[in-house]
Amino acid sequence: MIAHERWMQQALKEAQRAYDGGEVPVGAIVVHNGQVIGRGNNQTERLKDPTAHAEILAITAAANTLSDWRLKDCTLYVTKEPCPMCAGAIINSRLKMVVFGCYDEEKGCCGSLYQLCSDPRFGVKIAVKGGILEKPCLAIIQDFFLNRRKL
């Protein structure tokens, strides 16, 4: 559990970068053999790209680092439960594990709304662990939207 928390702290730093840039504060990192090989934070507004979610950007960076789209020995840490698009990218990239912070009861596809990563019909089973540093991961999102409502 300690290692998961250590890596989630780094994902939270990415979420803070998104927050500071006016983006929904979600951050992600990809870890391989004890090293961060990909980082991402939401950049949909900045890039004007609906696919520029933290998970997608971190997965792309990791694939570029390894020069391989198969991330079978890698773990993704993300501050919020992945959406359907990101869960699809997780499945396609063959990640070994996804660890996320706060649950997303409305759009989460790694356990809340759906469990795409463990669906045997995709032919890939990805381990999923949620609720790591859940309170700070949820707090940064709640703070972001509370402040936006004040504007």
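The set of residues in region 63-72 being assigned to a loop (DSSP other than H, G, I, E, B) and more than 30 Å from K135 (Cβ to Cβ) consists of S67, D68, W69, R70, K72. In region 79-98, the residues that are more than 13 Å from V30 (Cα to Cα) reach residues that are among the aromatic types (F, W, Y) and open to solvent by 10 Å² or more (accessible area, probe 1.4 Å) with C-beta atoms within less than 7 angstrom, at least six apart or across chains, in these pairs: E81/Y103; I91/F122. Within region 96-103, does at least one residue satisfy the condition of being open to solvent by less than 40 Å² (accessible area, probe 1.4 Å) and outside any strand (DSSP E or B)? Checked against the condition, which is being open to solvent by less than 40 Å² (accessible area, probe 1.4 Å) and outside any strand (DSSP E or B), region 96-103 yields no hits at all.
Listed here are the residues, each with its yes/no results for (1) under 19 Å from A58 (Cβ atoms); (2) in contact with a Pro (Cβ under 8 Å, 6 or more places away or on another chain).
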{"site": "Y114", "(1), (2)": "no, yes"}
{"site": "P120", "(1), (2)": "no, no"}
{"site": "K125", "(1), (2)": "no, no"}
{"site": "I132", "(1), (2)": "yes, no"}
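Determine whether K135 is among the basic types (K, R) and either over 22 Å from A15 (Cβ atoms) or within 13 Å of the chain's Cα centre (by Cα) (or both). For K135, the condition - among the basic types (K, R) and either over 22 Å from A15 (Cβ atoms) or within 13 Å of the chain's Cα centre (by Cα) (or both) - is not met.
Listed by first and then second residue, the pairs with beta-carbon distance under 6 Å, at least 6 apart or on different chains, first residue in region 118-141 and under 18 Å from A3 (Cβ atoms), second of a type in the set (S, T, Y) and surrounded by 15 or more Cβ atoms within 10 Å (Cβ to Cβ), are G130/Y103; C137/T79.
Can S112 be described as farther than 21 Å from R17 by Cα, hydroxyl-bearing (S, T, Y) and touching a helix residue (DSSP H, G or I) at 6+ places or on another chain (Cβ under 8 Å)?
Judged against the criteria, S112 is not a match.
Can you tell me which residues in region 8-50 are touching a residue at least 40 places away in the same chain (Cβ under 8 Å), open to solvent by 60 Å² or more (accessible area, probe 1.4 Å) and farther than 25 Å from W69 by Cβ?
Q9, Q16
Residue count for region 62-76, restricted to those that are under 24 Å from I140 (Cα atoms) and either open to solvent by 10 Å² or more (accessible area, probe 1.4 Å) or out of contact with any strand residue (DSSP E or B) (no Cβ under 6 Å at 6 or more places or on another chain) (or both): 1. Regarding region 36-56, can at least one residue be identified that is polar (S, T, N, Q) and within 9 Å of the chain's Cα centre (by Cα)? Scanning region 36-56 turns up at least one residue that is polar (S, T, N, Q) and within 9 Å of the chain's Cα centre (by Cα).
The values are calculated or read from the model by the stated rules, or taken from the named source; none is laboratory data. Every value quoted in this text rests on a predicted model; they were computed, and no experiment measured them. With ideal geometry, Cβ positions are generated from the backbone for all residues, glycine too; neighbour counts draw on all protein chains shown. We work out accessible area using only protein heavy atoms, side chains counted, and drop any ligands, DNA or RNA first. Shrake-Rupley method; radii C 1.70, N 1.55, O 1.52, S 1.80 Å.
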